[in-house]
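Novice: To start, I am sharing the structure in question, which I have written as structure tokens.
The values are calculated or read from the model by the stated rules, or taken from the named source; none is laboratory data. Note that the coordinates shown come from a computational prediction; the quantities given were computed from them, not determined experimentally. As a convention, Cβ positions derive from the backbone with ideal geometry for all residues, glycine included, and neighbour counts pool all protein chains shown.
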Amino acid sequence: MTAIYKRELKSYLTSMIGYLFIFFVLILTGIYFSAYQLAAAYPKFEYTLSSLTFVFLIGVPVLSMRVLAEERKQKTDQLLLTAPVTVADIVIGKYLALVTVFAVPVLIMCTYPLIMSGFGEISFGAAYTAILGFFLLGCANLAIGVFISSITESQVIAAVLTFVILFAFFMMNGISSFFSESSMSTCITFALLIFAVALILYTMIKNFMISAIVGIVGEIILIIIYLMKSSFFEGGIQKVLQVFNLSGHFENFTNSIFDLTGVVYFLSVIVVCMFLTVQSISKRRWN
């Protein structure tokens, strides 16, 4: 894993991609910092970080699009897959290289509260709690980008898909407002999702009987739960969609709260995405 990490990190630092990402994050941070902290004398650096979350929509797709897609396109992934390392080592090594590149601007951000302290009194605890949350949010976004890059050999497709998914997560509050919170509409939506899962399962295993059983059993369980306790479905769609609201879990960090639940959430997103990436590559390896 160490060799993969060093190789990947060197590729970012010997090309323009890594430096462009660092420059992009720092230039936007500098603009907001100058506007809010220096010009307006606003004492909360966490407000700047809260305004910067959109930077991942552009930076992450550009940084992560080549991490696995390029290897697959150039067929150099065959060399990695036949090397005496596990697929998990390959994925983790590449991911840690991305995190290291992202850590550079974050470490520079840590100097901004010190600069602010020269002009007045600030809360270092609140500022560095927000920086920690910002770092975890970025790591979760990068993990998603790595997974998307593993399922395609086109860097452009990987970048576009990553942007679309991150944008959907970024706009999750607005998306959830389009759905009704009533029990009936929520139950119908879940029924359609179960049907969609059954169809996807059929396309994967080509077994109509198993797919039909999964769909029918799922629909029956859904109907039983609705008949027994329909209130269980109230606001269900909103609750499910909030699971994908990455920025929403960052809000407590910007409100001077060290949110342990948020830390667990971001780490869970990273672990799940790494697991899915390993499975995606393993499937191609055995095929």
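Novice: Within the stretch 162-194, track down each residue that is farther than 22 Å from LYS239 by Cβ and either touching a residue at least 40 places away in the same chain (Cβ under 8 Å) or aromatic (Phe, Trp, Tyr) (or both). Can you show your working first?
Specialist: The initial filter retains those residues of the stretch 162-194 that are farther than 22 Å from LYS239 by Cβ, namely 162-164.
Answer for the stretch 162-194, where residues must be farther than 22 Å from LYS239 by Cβ and either touching a residue at least 40 places away in the same chain (Cβ under 8 Å) or aromatic (Phe, Trp, Tyr) (or both): THR162, PHE163.
Novice: Among the listed residues VAL263, VAL243, identify the single one that is at pLDDT below 85 and within 16 Å of the chain's Cα centre (by Cα). Write out each step before concluding.
Specialist: Numbers: VAL263 fails: at pLDDT below 85.
Within the list VAL263, VAL243, the selection yields VAL243.
Novice: OK, next. If LEU137 satisfies every condition in (1) touching a Gly at 6+ places or on another chain (Cβ under 8 Å); (2) under 19 Å from PHE253 (Cα atoms) but one, which is the exception?
Specialist: (1)
Novice: What residue, among those in the stretch 166-186 that are out of contact with any Leu (no Cβ under 6 Å at 6 or more places or on another chain) and among the hydroxyl-bearing types (Ser, Thr, Tyr), is nearest to PHE266 (Cα to Cα)?
Specialist: Ranking the candidates gives SER177 first.
Novice: What about LEU161, is it modelled with pLDDT under 85 and surrounded by fewer than 23 Cβ atoms within 10 Å (Cβ to Cβ)?
Specialist: On the way: modelled with pLDDT under 85: no; surrounded by fewer than 23 Cβ atoms within 10 Å (Cβ to Cβ): yes.
No.
Novice: Which one of these does ARG66 not meet: (1) at pLDDT below 85; (2) in a helix (DSSP H, G or I); (3) under 19 Å from the mean Cα position of the chain (by Cα)?
Specialist: ARG66 satisfies every listed condition except (2).
Novice: Output the number of the condition that LYS239 fails; it satisfies all remaining conditions of (1) assigned to a helix (DSSP H, G or I); (2) in the same structural domain as ALA127 (by TED's automatic domain parsing).
Specialist: (2)
Novice: Tell me whether the stretch 115-122 contains one or more residues that are modelled with pLDDT of 80 or more, buried (at least 20 other Cβ atoms within 10 Å of the Cβ) and of a type in the set (Ser, Thr, Tyr).
Specialist: no
Novice: Here's something else I'd like to know. Return yes or no: is LEU49 at pLDDT 85 or above and either assigned to a helix (DSSP H, G or I) or in contact with an Asp or Glu (Cβ under 9 Å, 6 or more places away or on another chain) (or both)?
Specialist: On the way: at pLDDT 85 or above: yes; either assigned to a helix (DSSP H, G or I) or in contact with an Asp or Glu (Cβ under 9 Å, 6 or more places away or on another chain) (or both): yes.
Yes.
Novice: Sort through LEU276, LEU260, LEU227, LEU192 and tell me the only one that's in the same structural domain as THR129 (by TED's automatic domain parsing), surrounded by fewer than 12 Cβ atoms within 10 Å (Cβ to Cβ) and not β-branched (Val, Ile, Thr).
Specialist: Details: LEU276 fails: surrounded by fewer than 12 Cβ atoms within 10 Å (Cβ to Cβ); LEU227 fails: in the same structural domain as THR129 (by TED's automatic domain parsing); LEU192 fails: in the same structural domain as THR129 (by TED's automatic domain parsing).
Answer to the selection: LEU260.
Novice: Would the stretch 94-114 turn up any residue that is outside any helix (DSSP H, G or I), out of contact with any strand residue (DSSP E or B) (no Cβ under 9 Å at 6 or more places or on another chain) and under 30 Å from ALA40 (Cα atoms)? I'd like the intermediate steps shown before the answer.
Specialist: The first filter runs over the stretch 94-114 and keeps only residues outside any helix (DSSP H, G or I), leaving 110-111.
Going one step further and asking which of them are out of contact with any strand residue (DSSP E or B) (no Cβ under 9 Å at 6 or more places or on another chain), we end up with 110-111.
With under 30 Å from ALA40 (Cα atoms) added as a condition, the list becomes 110-111.
Yes, that holds for at least one residue.
Novice: For VAL214, only one of the following conditions fails: (1) under 25 Å from LEU137 (Cβ atoms); (2) surrounded by 12 or more Cβ atoms within 10 Å (Cβ to Cβ); (3) β-branched (Val, Ile, Thr). What is its number?
Specialist: (1)
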